[in-house]
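Remarks on the structure that follows.
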Amino acid sequence: MGLTAATALGDNAVQMLEGIAGALRAAGVEIEHRLSPDRSSSTAAEVLGDVDVGWACGLLTMDLIGEGAIAADVVAAPVFVGEAAPVYHSVVLGRRSGSSHALHHRRLVVNERASWSGPYALSAHLDEQGLPHDAFPSIRESGSHQQSIAALLADEADVAAIDHTVWRHIAGAKGIDDVIEVVDRTRDWPSPPFMVNRRLDAAERARLVGALTAIPSGRVSGLQRIVEAAADAYAVLPDVRSSLPSLV
């Protein structure tokens, strides 16, 4: 019986995970990519707890493991195209309105409250810049980064905090760059990790991690490589969250 994999990340990650699964199969690891139509944090425990390999936001991963909602361990992390290490950041997008690009006093949209790349990366950015957290006239949750971008396009919001890999995947699509531009970016944070279910024995886990980290550079679109990682690298996320006010 083969292994299974799923992600709670966006459409670009779905495509990357399909590429990863294909590369693993080519290396002799029998694995099936399971596509979940609802990849929100509300369903993540059910979806990711039922597979051998899960890929999710670092903060969500730490919460799910820490709360005992899933029995898994962080084993690896992606190095995205354009990066030298397993990190990512959020871009702050704004409508091309010709007005000031100041973040405050503009309508904000984020994907969902459990996401690092949406509300918490932006909250940490405001904190680092010495800016207030309560000066937005409205803040709404959209449900996903793609829906946040849709809210900007529909003039239902003025600014949005978006995972930069999602933006790279979408930027350049017809009409988007005519309406939306990058107005700021956050600092780097640990990239969304891969976790492995604890039901795998040590030998099977070692073989899987070895195969993940051996995937050749450029084999999967959007990824440079995958490197070994551990939960210690992600402890910074809940620690920083505890010091920040919630935006949503």
Are any residues in region 116-150 closer than 19 Å to R168 by Cα, among the hydrophobic types (A, V, I, L, M, F, W, C) and surrounded by 20 or more Cβ atoms within 10 Å (Cβ to Cβ), and if so, which ones? W116, A121, L122, I149
Residues M16, M62: which one is of a type in the set (A, V, I, L, M, F, W, C), at pLDDT 95 or above, in contact with a helix residue (DSSP H, G or I) (Cβ under 7 Å, 6 or more places away or on another chain) and crowded, with 17+ Cβ neighbours inside 10 Å? M62
Within region 203-219, is there a residue that is touching an Asp or Glu at 6+ places or on another chain (Cβ under 7 Å) and either closer than 29 Å to D73 by Cβ or in a helix (DSSP H, G or I) (or both)? yes
In the set A8, A45, the lone residue that is out of contact with any strand residue (DSSP E or B) (no Cβ under 7 Å at 6 or more places or on another chain) and open to solvent by 30 Å² or more (accessible area, probe 1.4 Å) is A45
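Conditions (1) at pLDDT below 95; (2) under 13 Å from the mean Cα position of the chain (by Cα); (3) within 19 Å of A114 (Cβ to Cβ), marked per residue:
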{"position": "G22", "(1), (2), (3)": "no, no, no"}
{"position": "A26", "(1), (2), (3)": "no, no, no"}
{"position": "S41", "(1), (2), (3)": "yes, yes, yes"}
{"position": "A45", "(1), (2), (3)": "yes, no, yes"}
{"position": "W55", "(1), (2), (3)": "no, yes, yes"}
{"position": "G66", "(1), (2), (3)": "no, no, yes"}
{"position": "I70", "(1), (2), (3)": "no, no, yes"}
In region 1-46, what count of residues is obtained for those that are among the hydroxyl-bearing types (S, T, Y) and in a helix (DSSP H, G or I)? 3
All but one of (1) of a type outside the set (S, T, Y); (2) open to solvent by less than 10 Å² (accessible area, probe 1.4 Å); (3) part of a loop (DSSP other than H, G, I, E, B); (4) in contact with a helix residue (DSSP H, G or I) (Cβ under 7 Å, 6 or more places away or on another chain) hold for V51; which doesn't? (4)
Hey, among the residues in region 191-200 that are in a loop (DSSP other than H, G, I, E, B) and open to solvent by less than 40 Å² (accessible area, probe 1.4 Å), which one's farthest from V236 (Cα to Cα)? L200
Checked region 170-190 for anything assigned to a loop (DSSP other than H, G, I, E, B) and over 23 Å from P78 (Cα atoms); matches are G172, A173, K174, G175
Quick check: anything in region 108-115 modelled with pLDDT under 95 and either under 16 Å from F194 (Cβ atoms) or surrounded by fewer than 19 Cβ atoms within 10 Å (Cβ to Cβ) (or both)? yes
Number of positions in region 19-42 that are over 19 Å from S221 (Cα atoms), open to solvent by 30 Å² or more (accessible area, probe 1.4 Å) and among the small types (G, A, S): 3
Which ones in region 201-221 are under 21 Å from the mean Cα position of the chain (by Cα) and open to solvent by less than 30 Å² (accessible area, probe 1.4 Å)? V209, L212, I215, V220
Residue pairs qualifying under the 6 Å Cβ cut-off, at least six apart or on distinct chains, with the first in region 202-224 being under 19 Å from Y88 (Cβ atoms) and the second being among the small types (G, A, S) and in a helix (DSSP H, G or I), are I215/A23; V220/G19
I'd like to know if region 162-171 contains one or more residues that are open to solvent by 30 Å² or more (accessible area, probe 1.4 Å), more than 14 Å from the chain's Cα centre (by Cα) and charged (D, E, K, R). no
So for region 141-156 (the condition being touching a residue at least 40 places away in the same chain (Cβ under 8 Å), hydroxyl-bearing (S, T, Y) and either over 17 Å from P119 (Cα atoms) or in contact with a helix residue (DSSP H, G or I) (Cβ under 7 Å, 6 or more places away or on another chain) (or both)), does at least one residue qualify? no
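The values are calculated or read from the model by the stated rules, or taken from the named source; none is laboratory data. Note that the coordinates shown come from a computational prediction; the quantities given were computed from them, not determined experimentally. Here Cβ is always computed from backbone atoms with ideal geometry, including for glycine, and neighbour counts include all displayed protein chains. Only protein heavy atoms, including side chains, enter the accessible area calculation; ligands, DNA and RNA are left aside. Shrake-Rupley method; radii C 1.70, N 1.55, O 1.52, S 1.80 Å.
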